[in-house]
Amino acid sequence: MNDLYTRAQAAADHIRSRTSLAPTLGIILGSGLGAFAEQVADAVAIPYAEIPHFPQSTVQGHSGRLVLGTIGGVPVAVMQGRVHAYEGYPLSEVTFPMRVLGLLGIHSAIVTNAAGGIRTTLRPGELVVLADQINLTGTNAALGPNEPRFAVTPGFGQRFFDMSTAYAPHLRALAVAEAASQGFLLTEGVYLAVLGPSYETPAEIRAFRTLGADLVGMSTVHEVIIARHMGIKVLGLSLVTNMAAGVVNESIHHEEVMEIGRKAEQQFTALLTALIPKIATE
Ligand code: CYT
């Protein structure tokens, strides 16, 4: 079997054969946020099924296409849908698209997700910019032989790598400032990842709050770990789709997660379209 780097190169080669556009920014759209891909101008959409070695999601609401084009003049690669570890995919597959985006030449990524709100001041429909993450999935996407060839920035691709600024401080500040200029308050939060697919119990949520988490979800942390291994700068955004278990006296349903996504779409789209040119020029 080809090694990971060779497989990622085959995927990147295929994508390059479909478009001459060279993306500098990657965007991963979380549950309920996939409609943002409609913002891409001169779009070339490639179903994941057509890209060699690309994993395909089995979950409703995670349609799987890579959309390449421009937003505000910036060449972007937008992932409409991602796969999750809870579907049974090894983390090498969960993070494979991030590696391919790196090989395509991105140096920044916007990683988004739907999350449960742990901090009691959050509200469903609210966007939160990620300040940091807690990986409680019990595993790590960088496990296995180190592959320095994935580095996109000199000094990266090391066996042991820094996670002290996993979410780029200047990108966080840019997002908070842009939201303020659009007239809404964007707070920062710590995202805690569990494996899923069960939602959390109230006791787990109380424990996670004690640990310093503001949000809980089942994605993102592994992609961010791999992005940092490669030297890709990351902006993280969560859409609070529901309050986590026990925070309010209601049960949690996937349909509600998707519905809140559709409602928050406008604010999310306005924020991202304004941010993308700013991220590209910083
Ligand atoms: N909600 C969500 N936990 C939740 O409560 N979207 C992911 C995980």
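The values are calculated or read from the model by the stated rules, or taken from the named source; none is laboratory data. Just so we're clear, the structure is a prediction, and the values are computed from it rather than from any experiment. Quick reminder, even Gly has a Cβ in these numbers, built from the backbone with ideal geometry, and neighbours come from all protein chains shown. When the accessible area is computed, the model is the full protein with side chains, heavy atoms only, and any ligands, DNA or RNA have been set aside. Shrake-Rupley method; radii C 1.70, N 1.55, O 1.52, S 1.80 Å.
Here are some notes:
- Any hit, segment 83-90, residues being open to solvent by 50 Å² or more (accessible area, probe 1.4 Å) and among the β-branched types (Val, Ile, Thr): no
- Among the residues making up segment 247-256, a single one is among the charged types (D, E, K, R) and away from the ligand (no atom under 11 Å from the Cβ): Glu255.
- Any hit, segment 275-282, residues being without any contact (Cβ under 8 Å) to a residue 12 or more places away in the chain and part of a strand (DSSP E or B): no
- Selected residue (criterion: least open to solvent (accessible area, probe 1.4 Å)) from residues of segment 18-33 that are among the small types (Gly, Ala, Ser) and more than 16 Å from the chain's Cα centre (by Cα): Ala22
- Residue under evaluation Glu259, criteria (1) near the ligand (Cβ under 10 Å from one of its atoms); (2) surrounded by fewer than 18 Cβ atoms within 10 Å (Cβ to Cβ), criterion not met: (1)
- Taking strands (runs of 3 or more DSSP E) as the structural unit, those lying wholly within segment 111-218 and holding at least 2 residues that are open to solvent by 30 Å² or more (accessible area, probe 1.4 Å) and touching a residue at least 12 places away in the same chain (Cβ under 8 Å) correspond to 127-135, 187-193.
- Members of segment 219-246 that are farther than 28 Å from Tyr5 by Cα, within 9 Å of the ligand (Cβ to nearest atom) and part of a loop (DSSP other than H, G, I, E, B): Ala244
- Note on segment 164-213: residues that are under 11 Å from Ile118 (Cα atoms), within 16 Å of the ligand (Cβ to nearest atom) and of a type in the set (Ser, Thr, Tyr) total 1.
- Selection from segment 97-129 of residues that are in contact with a Lys or Arg (Cβ under 8 Å, 6 or more places away or on another chain) and not polar (S, T, N, Q): Pro97, Leu104, His107, Ala109, Gly117, Ile118, Arg119, Gly125, Val129
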